[in-house]
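Asker: Before we start, here is the structure in question, set down as structure tokens.
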């Protein structure tokens with residue numbers, strides 16, 4: 001489990017996380033890393049509102065033929081219906097969930113909306 005409060009703290013962990021994904025997915029690791037990065041950015045910026053006293057927790061669990069990633073923040077959460085599919089890919093902000101959906105096989109939020117679970121199948125195994 002990784003625990004951090006800011007984008008700067010997450011930047012320190014990025015190479016470790018990328019290396020783990022490359023070990024599991026080989027050349028296909030970049031897409032899942034993009035999805036994780038988007039989820040982490042949302043947790044820090046929107047969930048915790050960049051409050052350094054609040055933490056983001058990231059766990060990666062390698063299962064047979066897939067990886068399960070959980071990103072949880074300490075924010076108030078949100079209602080899943082707030083996610084829009086209409087943001088253009090070229091937009092600077094607001095396209096994070098489109099990227100997440102593109103790179104993972106499935107994703108879901110807990111009832112509160114402060115925990116995102118990503119599932120990516122590993123076709124290499």
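Rule-based calculations on the coordinates, nothing more; no lab input. Here the structure is a predicted model, which means the values were calculated and not measured. Neighbour counts run over all protein chains shown; Cβ positions are idealised from the backbone, glycine included.
Asker: Tell me, 117, 59 in order of fewest to most beta-carbon neighbours within 10 Å?
Answerer: On the way: 117 17, 59 13.
With the sparsest Cβ surroundings first, the list reads 59, 117.
Asker: Another one. Specify the residue with the greatest mean-square fluctuation among 23, 72, 14, computed from a Gaussian network of the chain linking alpha-carbon atoms under 10 Å apart.
Answerer: 23
Asker: Something else: Just checking my list [x] 1.01; [y] 1.10; [z] 1.52 against Cα Rg over 2.2 N^0.38 Å computed from this structure; which label fits?
Answerer: So the calculated entry is the one marked [x].
Asker: Which order results if 12, 69, 36 are arranged by neighbouring Cβ count within 10 Å, fewest first?
Answerer: Ascending Cβ contact count within 10 Å gives the list 12, 69, 36.
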